[in-house]
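Scroll down for the structure; my scribbles are underneath it.
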Amino acid sequence: AAKNDGRGRARTFNRSMMIMLEQREMLRRSLRVALQEQQFFIEYQPLVEIADGIIGFEALLRWRHPYAGVVPPSLFIPMAEADGLMGDIGAWVLEQACREASTWPSHFIVSVNLSPAEFLRAGFTDRITRILDEVGFPADRLELEITETVLLERTTNNLDTLHTLEVLGTRIALDDFGTRYSSLSYLQSFPFDTIKIDKHFINDVETNPKSQTIVRFIIGLAHGLGMRVTAEGVETAGQAGWLSRKKCDRLQGNLLGAPMSADAIGDFLRQSSFEML
Ligand code: C2E
Ligand code: MG
Ligand code: MG
Ligand code: MG
């Protein structure tokens with residue numbers, strides 16, 4: 001019986017693998033028209049400064065597929081990158097995020113994720129300048145989130161891009177810190193405003209001494225270099241309390257507010273208070 005079970009399971013597994021592959025191909029094909037069909041939208045997640053309360057939102061891209069429903073970015077962004085679509089999609093995100101953010105209280109920032117391909121593309125900083133001009137959005141209210149992957153190739157090119165952005169006055173955040181190919185040397189040469197600690201380390205920060213050591217280390221490192229620190233994926237008051245005691249500057253996560261549609265922001269701001277901090 002065990003043998004039959006095993007074979008049955010193997011067959012089922014193969015079939016579902018086929019279905020998965022077909023679905024991926026279907027998604028990939030429909031991704032080509034998603035932009036012109038206006039299937040993308042942005043959700044915004046609050047960024048909360050422990051000392052000052054809410055300071056703005058991170059823009060998180062969503063794709064509403066006509067049949068498949070809302071597809072998570074972890075699934076479609078790698079496809080879009082592989083197919084060379086992320087440049088155009090990224091430009092749309094930047095413009096849309098700046099437009100929507102220009103209706104928010106005037107001290108709020110909007111933080112936008114950049115994929116490596118976008119960042120490394122020639123003319124990237126010109127495009128940022130053009131978008132800020134067209135929308136009439138101040139550079140210092142735009143924060144750009146890049147990951148360590150961008151810095152892997154330490155070409156003069158990416159250094160130049162970062163310094164041009166600094167001159168333009170945009171803020172630069174280092175996202176998912178500690179999860180990729182970390183090398184500390186680039187922290188000497190790149191002008192980051194903020195380091196974001198990946199939610200992986202925040203998840204068990206109350207109970208796991210190793211996570212505690214890593215988080216304390218990142219906070220100390222950032223502060224020593226004159227950078228701010230954001231903790232991602234904060235879900236419990238216990239985590240928020242621990243991070244606050246360790247002098248983390250900003251919190252982001254479902255405890256403070258889950259990603260929400262642009263329309264929901266007004267109500268959220270009227271109702272929110274962060275007394276748990
Ligand atoms: P990220 O930039 O690190 O964004 C944070 C992720 O954590 C988001 O996932 C957010 O929904 C999730 N999150 C927030 N609070 C919590 C929490 O309390 N618990 C848990 N478990 N998760 C939480 P999301 O929206 O699925 O995005 C995944 C990734 O996709 C982002 O990670 C970012 O790397 C990428 N991404 C999203 N939008 C864009 C975009 O416009 N452009 C590019 N290039 N990448 C994007
Ligand atoms: Mg991010
Ligand atoms: Mg700066
Ligand atoms: Mg992150």
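Quick note: the coordinates plus some simple rules give every number you see, no bench work behind them. These numbers come from a predicted model, not from an experiment. Ideal geometry is used to build each Cβ from the backbone, glycine not excepted, and the neighbour counts take in all protein chains shown.
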request  = Send over the Kirkwood Rh of the chain, from the inverse of the averaged 1/r over different Cα pairs, rounded to one decimal Å.
outcome  = 20.3
task = Rank R99, R130, R228 by mean-square fluctuation in a GNM of the chain with C-alpha springs under 10 angstrom and give only the top-ranked residue.
result = R130
Positive-pole candidate from S102, P72, L47, dipole of region 25-164, charges at beta carbon = P72
remark   = Short to long, in 10 Å steps from zero, the percent of alpha-carbon pairs of region 44-128 per bin is 16, 41, 32, 11, 0
ask   = Can you give the FRET efficiency for D193 and S244, using 1/(1 + (r/R0)^6), R0 = 22 Å, r = Cβ-Cβ distance, to the nearest 0.05?
value = 0.60
ask   = Roughly speaking, what is the centre-to-centre gap between region 113-168 and region 201-277 when only Cα atoms are used, to the nearest Å?
value = 25
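Please give the contour-minus-distance gain from M79 to T149: 0.36 nm per residue of separation, less the Cα-Cα distance, rounded to one decimal in nm.
Working: separation 70, 0.36 × 70 = 25.20 nm, distance 1.68 nm.
Taking 0.36 nm per residue and subtracting the Cα distance, the gain is 23.5 nm.
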inquiry  = Using the Karplus curve 6.51 cos²θ - 1.76 cosθ + 1.60 with θ = phi - 60°, what ³J(HN,Hα) values do you get for each residue of region 60-69, in whole Hz, with x for Gly and Pro?
reply    = 10, 6, 10, 10, 8, 6, x, 10, 7, x
ask   = Which value, in debye to the nearest 20, gives the size of the charge dipole of region 187-230 about its Cα centre, when Lys and Arg are +1 and Asp and Glu are -1 at the Cβ?
value = 40
ask   = Looking at region 183-274, what % of the alpha carbon pairs are farther apart than 19 Å?
value = 45
remark   = Here region 143-235 gives, from Cα atoms, an Rg and Dmax in Å of 13.5, 42
message = Applying a 10 Å radius around every beta-carbon, put 259-266, 75-82 in order of their mean neighbour count, most first.
response = 75-82, 259-266
request  = Would you mind checking the radius of gyration and Dmax of region 12-93 based on alpha-carbon positions, in Å?
outcome  = 16.0, 54
note = Given unit charges at Cβ for Lys, Arg (+) and Asp, Glu (-), the dipole magnitude of the chain about its Cα centre in debye, nearest 20, is 1120
inquiry  = Between M86, M227, M20, where does the largest GNM mean-square fluctuation fall for the chain, given springs only between Cα atoms within less than 10 Å?
reply    = M20
